[in-house]
Amino acid sequence: MTDKIARFFEEQRPQTPCLVVDLDVVEANYHDLEEALPDAKIFYAVKANPAPEILGLLTRLGSAFDTASVPEIQMVLAAGCAPERISYGNTIKKEADIRRAFELGVRLFAFDSEAELEKIARAAPGARVFCRILTSGEGAEWPLSRKFGCDLAMARELLLKAKGMNVVPYGVSFHVGSQQKDLMQWDHAIFQVAQLFRELEVLGVDLGMINLGGGFPTRYRTDVPETTAYGQAIFESLRTHFGNRLPEAIVEPGRSMVGNAGIIESEVVLVSRKSANDVKRWVYLDIGKFSGLAETMDEAIQYPIQVMGDDGEGDSEAVVLAGPTCDSADVLYERAEYKLPMDLKAGDRVRIHATGAYTTTYSAVCFNGFAPLQQICI
Ligand SMILES: *Cc1c(COP(=O)(O)O)cnc(C)c1O
């Protein structure tokens, strides 16, 4: 919790639910990663939090951006970033959107299939392309495997094919899964990419870039390794597998750039039991799965929750936490153990920590008439 955010909530008492993001924390996160991986170029994954203040700050700090759609590209351009610093990293794009991105000046595109490569060659002639390979997603709390990437044999074939097309085969990317706590997952992937580089070199394709993706964690309820540990592990893997012919490296942090910079304040709407002898109280908040906390799906991401005015002295007991909508899927935590004070009641305020990433963008526009999650950057 930053003092700045605490002061803001106390002085302004914003309508809940409300996310407040401390831009100083985003800046510190950027510098931490820059120091941990001095030779890698940072492409912030815009989807984690596209607030104009965040995009503007990162543009000034020299960041580049990983985008997934034309509107995301336009948001980054509006923040003052040059199109040369934008990558269109989604492997699933409409051809018209590729053409639009190309017109806007974007020259770096991802693919993981032949049909997508053909679209890029038609709509973005001369652009640099990189192929995304599959990873297992093992060790990640929010895996991104299966849906993205192709196997190594297909990547080799497609990059070779790209050489004969109107694009520049430029590199290989992967994503080890979001909130990845196992440092060795990068090593497996880097080993595979290095092998691919060598095989393609023999075939006359010289790749220049390795895209190490995102996956760097935010601290939720349990400790995570330091950023420097990730930096060291990745640098050692690059050295081991590429020797001293290190390619240009890119990282695409989303969660680790903004997660710990934000705190949501929410209000308790109801505390109840389902029967007189129900062992667990149900606590309904004014925020739920459909108003920003989508990553509680399968209880994957477990945010630290603090009850305001609770000094920790009184009794507390396990609760089920749920959102305010009329959808029974809108339960946040039932299996995960959350203990809240016995005297908790409607109207009490709770703070949901480390919610700067993947919250505002997941908030429904008007499900059940609830407004989208409000965000204030300070
Ligand atoms: C979502 C995404 C990221 C960001 O991942 P984090 O785990 O939040 O760091 C990076 N690259 C791509 C291609 C993505 O889709």
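The values are calculated or read from the model by the stated rules, or taken from the named source; none is laboratory data. Since the model is a prediction, treat every value here as computed from it, not as a measurement. Cβ coordinates were reconstructed from backbone atoms using ideal geometry, including for glycine residues, and neighbour counts include every protein chain displayed. Surface areas here come from the heavy atoms of the whole protein model, side chains and all, with no ligands, DNA or RNA. Shrake-Rupley method; radii C 1.70, N 1.55, O 1.52, S 1.80 Å.
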- [ ] Mind scanning K119/K147; K147/K339; K147/K280 and naming the pairs with a C-alpha gap bigger than 27 Å?
- [x] K147/K339; K147/K280
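Tell me the net charge near E201. Cut-off is 14 Å between Cβ atoms, E201 excluded, with +1 for each Lys or Arg and -1 for each Asp or Glu. Could you put the intermediate results ahead of the total?
Numbers: positive: R156, K163, R198, R245; negative: E199, D206.
Once all neighbours under 14 Å are counted, the net charge is +2.
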Open item on the list: Using alpha carbons only, how many angstrom separate the centre of the range 59-111 from the centre of the range 275-310?
Closed with: 36
Task: Under the Karplus curve 6.51 cos²θ - 1.76 cosθ + 1.60, θ = phi - 60°, whole-Hz ³J(HN,Hα) for the range 251-265, x wherever Gly or Pro sits - done: 10, 10, x, x, 3, 6, 7, 10, x, 7, 8, x, 9, 9, 9
Task: Length-normalised contact order for the range 260-377 - Cα pairs under 8 Å, 6+ apart - percent - done: 37
Task: From phi via Karplus (6.51, -1.76, 1.60), per-residue ³J(HN,Hα) for the range 153-164 in Hz, x at Gly/Pro - done: 5, 5, 4, 4, 4, 6, 5, 5, 5, 4, 4, x
Open item on the list: Per-residue counts of other Cβ atoms within 10 Å, averaged by peptide: what ranking do you get for 57-68, 249-260, highest first?
Closed with: 249-260, 57-68
TODO: Determine the per residue accessible area of the range 260-377 with all protein chains present and a 1.4 angstrom probe, expressed in square angstrom.
DONE: 46
TODO: Would you kindly find the accessible area of D343, with a 1.4 Å probe and non-protein molecules such as ligands, DNA and RNA excluded, rounding to the nearest 10 Å²?
DONE: 120
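Counting only protein heavy atoms, what percent of the accessible surface of the chain is carbon or sulfur at a 1.4 Å probe?
Numbers: 8290 of 16460 Å².
The value for the chain is 50 percent carbon and sulfur by accessible area.
As an exercise, identify the GluC sites (Glu not before Pro) in the range 270-378 lying in DSSP coil whose Cβ has no more than 10 other Cβ atoms within 10 Å. If you can, show how the numbers build up before the last one.
On the way: sites: E295, E299, E313, E317, E334, E337; in loops: E313.
Qualifying residues, ordered by number: E313.
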Task: Kirkwood-type radius of the chain, with distances r between different C-alpha atoms, in Å - done: 22.0
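Expressed as a rounded percentage, what relative contact order does the chain have, with Cα pairs under 8 Å and six or more residues apart? Each step should come with its number before you reach the end.
Details: 833 pairs, mean separation 73.5, N = 378.
Once divided by the residue count of the chain, the mean separation gives 19 percent.
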Open item on the list: What percent of all Cα-Cα pairs in the range 227-378 falls into each 5 Å bin, going from 0 up to the bin containing the maximum distance?
Closed with: 2, 8, 15, 19, 16, 12, 8, 6, 5, 4, 3, 2, 0, 0
